[in-house]
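Let me begin by presenting the structure, written as structure tokens, before commenting on it.
The values are calculated or read from the model by the stated rules, or taken from the named source; none is laboratory data. Keep in mind that what you see is a predicted model, and the values were worked out from it rather than measured. Cβ: placed from backbone, ideal geometry, glycine included. Neighbour counts: every protein chain shown.
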Amino acid sequence: MDIATSEQGEPAIIARGLVKRFDDTLAVDGVDITVRKGSITGILGPNGAGKTTTLRMLLGIIDPDEGERRVLGHDHPKDVARLIGYLPEERGLYPSMKAIEAIAFMGALRGLPLPQGRQRGRELLEQYGLEHAAERQIRQLSKGMAQIVQLLGTLVHEPQIVVLDEPFSGLDAINQGKLFAMLAISAIGIAVWGVAGATILTLGGRSLSEFANPGVGWPLFFAFGAIYFAMGYLLLGSIFLTIGSMAATVREVQTLNMPVTMAQVLVFFFASLAVTRTGSWFEFSAMAFPLSSPFAMLARAAVDEAIWPHLVAIAWQVLCVAVFVRVGSNLFRSRVLKSGPQGAKTKKRRLFSFASGKNSEQG
């Protein structure tokens, strides 16, 4: 093999020009990677970019069609498999196995004697505050605890290299990132419309003093406007996140998004009609319904000087966003993070069963 080593010594992992094809699909195209001993390296990319395929080639699970690799100084990674801890994307533990036995079993697969695996397993569980779960069956553990058990099983034989494929499987962080992105987009929208409005007033030689003061005053009206704009964006965005969690294909995402998109027009008319019926049950309904609440409350700010209704409305809208995101998180965990060839089929069947009003368990 012609892979050269630097003056710093042999890297833990080194590969040059890795290529892998599956039939007519080019999954990995000429990947080079060097991982120094004692370092932490991440492989980033969108779904289908070939991250898992690259890891499997580096570990010797599959062979590359082209290119060279070396792991811990060996041309054949399987020769040093006992020195590697690997947590695959497709996780699996025997539900009836106790946590301590699961950790010892995973260590035994890498050559660690079972008694020693149990001892180290108890030490690891104690270190991570899970000593009380040692004798519990996997099926009795929460999903998060079961993931920690499998991670400890990856580390129990004290590997020199640890490879984690998609180790973080919670939607909360994902959704938080998306919500922050939506907030940033809404802030841009507020800035664009604010500048556009100010420009129009300036070019027209007009000022705010020429218009009737809103009920809460101009400063609070603009502040509430920005808040309600952002909340409206988040409420709608959180619904689209949930739809993305339910759908199995891009076509299904488009199909489910269509009625929501059309409903936005109805929601706007609902809020607009409520403006003409202040103090009626119609207006209170528009203020209570999450999707129309931002519009109805902004209209109320224009005619009513009371502040406390807006504080209540904003708290209500934040709560609705949290609920929508929570539902999306649960759907994402159950449908996407557990997906695979079989999981995708199940997910699709359940989606259309839901759409047709049938019990998914009977489909």
Out of the residues in segment 281-322 meeting the condition of being among the hydroxyl-bearing types (Ser, Thr, Tyr) and part of a helix (DSSP H, G or I), tell me which one is nearest to residue 216 (Cα to Cα). 293
From the list 111, 107, 121, 60, which residue is on the phi > 0 side of the Ramachandran plot and assigned by TED's automatic domain parsing to the domain that holds residue 142? 111
When you look at residue 256, is it closer than 29 Å to residue 47 by Cα, aliphatic (A, V, I, L, M), touching a residue at least 40 places away in the same chain (Cβ under 8 Å) and crowded, with 18+ Cβ neighbours inside 10 Å, yes or no? no
Filter result (outside any helix (DSSP H, G or I) and touching a strand residue (DSSP E or B) at 6+ places or on another chain (Cβ under 7 Å)) within segment 24-61: 27, 28, 29, 30, 31, 32, 33, 34, 35, 41, 50
Please state which of the following conditions residue 278 fails to meet, knowing it meets all the rest: (1) hydroxyl-bearing (Ser, Thr, Tyr); (2) part of a helix (DSSP H, G or I); (3) over 24 Å from the mean Cα position of the chain (by Cα). (2)
Across segment 197-228, which residue is modelled with the highest pLDDT among those that are loosely packed, with under 10 Cβ neighbours inside 10 Å and in a helix (DSSP H, G or I)? 219
Return the residue satisfying two criteria in turn: it lies in segment 92-147 and is part of a helix (DSSP H, G or I) and acidic (Asp, Glu), and of such residues it is nearest to residue 81 (Cα to Cα). 101
If you check 134, 104, 99, which single one turns out to be within 15 Å of residue 151 (Cα to Cα), without any contact (Cβ under 8 Å) to a residue 40 or more places away in the chain and either in contact with a Leu (Cβ under 7 Å, 6 or more places away or on another chain) or acidic (Asp, Glu) (or both)? 134
Residues of segment 14-32 being crowded, with 21+ Cβ neighbours inside 10 Å and either under 20 Å from residue 74 (Cα atoms) or modelled with pLDDT under 90 (or both), in sequence order, are 14, 15, 18, 31
